[in-house]
Amino acid sequence: MASTDFEAEIKQLQATMKTIGQVLDLDGMRREIADLGEQVAAPDLWDDVESATRITGRLSALQGELDKFTGLDSRIEDLALMVEMAQEEGDASSLEDSERELERIKKSVESLEIRTLLNGEYDAREALVSIRSGAGGVDAADFAETLMRMYIRWAEQHKYPVEVYETSYAEEAGLKSATFAIHAPYAYGTLSVEAGTHRLVRISPFDNQGRRQTSFAAVEVVPVLEQTDEIEIPDEEIRVDVYRSGGPGGQSVNTTDSAVRLTHIPTGTVVSCQNEKSQLQNKASAMVVLKAKLLALKKAEEKAHLDGLRGDVQASWGDQMRNYVLNPYQIVKDLRTSYESGNPQAVFDGDIDAFLEAGIRWRRGAEKVDA
């Protein structure tokens with residue numbers, strides 16, 4: 001314990017935090033928080049519930065990010081003071097405590113440093129996540145629902161607001177598809193590494209013979225658009241269908257035809273929204289999703305044109321990016337980064353930060369190779 005060079009370690013942490021603070025633009029963050037605080041204080045804030053929800057959600061997320069940085073900065077200062085006092089008094093026990101706190105802080109700084117890698121064009125945006133079941137029948141539908149729960153639990157742990165736009169339930173169990181937004185700064189940059197095919201291997205709870213089943217689900221992540229984004233869609237390119245919202249097992253959750261399905265005719269892109277009771281609200285939400293997907297499609301086509309990258313996710317054998325194995329052993333392993341966890345239940349409960357961090361570092365490495 002005594003061999004630890006606390007002075008050098010703490011100076012390195014302080015230097016890293018200074019760099020992180022510059023990249024995060026703390027002054028800009030504080031200005032935006034002040035501006036959002038004024039908007040929240042407006043007496044007519046909740047006249048527009050959707051706008052108010054977004055404003056308060058972003059304020060909460062930004063304040064949380066700032067508090068995370070300042071709290072970590074304070075912990076480093078406290079550690080320096082604790083080490084100084086322990087060394088002056090020759091307190092071996094306090095030095096051991098300082099060693100443990102140093103390791104915890106180093107992990108926290110490393111996690112925060114990940115944010116500095118999120119500097120892509122849309123990385124700072126909120127995220128729209130779509131999940132659809134693939135090969136594997138009812139097990140795949142159940143897996144799709146499990147993945148949706150996993151991402152929502154992750155968002156809840158970070159206090160990020162989630163807005164569900166659409167859930168299409170399978171007949172027996174699980175989901176055919178779902179689309180939801182995670183309203184937090186850098187949600188897109190963080191979660192974009194989750195895009196791809198996820199593979200589950202387990203003893204199927206739906207097989208009366210108890211056989212092992214392999215199933216797949218596809219995850220798509222696109223950035224939420226802002227008003228300054230130029231995506232114009234002529235009315236004649238959109239087909240609008242309305243239908244009655246349905247719940248699990250075919251039960252009606254709405255007695256009116258308020259759910260809306262939009263089809264972009266030129267590309268065949270289809271989005272649905274049934275979360276709101278108003279058909280107009282559902283149409284507006286569906287349009288948000290459609291524009292985001294069309295922007296992502298445009299960017300994917302540009303990228304494919306430049307480097308021949310195939311962007312289609314088939315949700316089947318051959319293109320999976322992460323395996324979740326529950327039998328004959330238990331492990332979750334990312335096939336790109338080789339990061340793995342021996343606790344699948346914790347992962348399904350939203351403990352995916354380490355996978356996200358490994359994915360972001362892997363992507364940055366791949367971008368440097370391509371450059």
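The values are calculated or read from the model by the stated rules, or taken from the named source; none is laboratory data. Small disclaimer: the values here were computed from a predicted structure and weren't measured. Using ideal geometry, Cβ is built from the backbone for each residue, glycine included, and neighbour counts are taken over all protein chains shown. When the accessible area is computed, the model is the full protein with side chains, heavy atoms only, and any ligands, DNA or RNA have been set aside. Shrake-Rupley method; radii C 1.70, N 1.55, O 1.52, S 1.80 Å.
Just give me the residues in the range 137-161 being part of a helix (DSSP H, G or I) and either open to solvent by 40 Å² or more (accessible area, probe 1.4 Å) or of a type in the set (S, T, Y) (or both), in sequence order.
Applying the first criterion (part of a helix (DSSP H, G or I)) to the range 137-161 yields 137-157.
Of everything in the range 137-161, those that are part of a helix (DSSP H, G or I) and either open to solvent by 40 Å² or more (accessible area, probe 1.4 Å) or of a type in the set (S, T, Y) (or both) turn out to be G137, E145, T146, R149, Y151, R153, E156, Q157.
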_Every pair of residues 6+ apart whose Cβ atoms lie under 9 Å, when the first sits in the range 1-20 and is within 15 Å of S98 (Cβ to Cβ) while the second is surrounded by 15 or more Cβ atoms within 10 Å (Cβ to Cβ) and of a type in the set (S, T, Y)_ = M1/S98; T4/S98; F6/S98
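Mind listing whichever residues of the range 48-65 are among the hydrophobic types (A, V, I, L, M, F, W, C) and buried (at least 16 other Cβ atoms within 10 Å of the Cβ)? Working first, answer last.
Step one: list which residues in the range 48-65 are among the hydrophobic types (A, V, I, L, M, F, W, C), which gives 49, 52, 55, 59, 61-62.
The answer is A52, I55, L59, A61, L62.
When only residues in the range 187-246 that are of a type in the set (S, T, Y) and part of a helix (DSSP H, G or I) count, which is farthest from Y169 (Cα to Cα)? Give the derivation first.
Keep residues of the range 187-246 that are of a type in the set (S, T, Y), which gives 188, 190, 192, 197, 204, 214-215, 228, 243, 245.
When the remaining residues are screened for being part of a helix (DSSP H, G or I), the result is 188, 190, 192.
Numbers: Y188: 25, T190: 27, S192: 24 Å.
Checked the range 187-246; the qualifying residue farthest from Y169 (Cα to Cα) is T190.
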*Kindly list the number of the only condition in (1) of a type in the set (A, V, I, L, M, F, W, C); (2) surrounded by fewer than 21 Cβ atoms within 10 Å (Cβ to Cβ); (3) more than 30 Å from T19 (Cα to Cα) that fails for I114.*
(3)
*Only one of A358, A315 that is modelled with pLDDT of 70 or more and either within 27 Å of E156 (Cβ to Cβ) or under 16 Å from the mean Cα position of the chain (by Cα) (or both)*: A358
_Condition first: more than 18 Å from K107 (Cβ to Cβ) and surrounded by fewer than 15 Cβ atoms within 10 Å (Cβ to Cβ). Now tell me which residues in the range 12-38 satisfy that._
K18, Q22, V23, D25, D27, G28, R30, R31, A34, D35, G37, E38
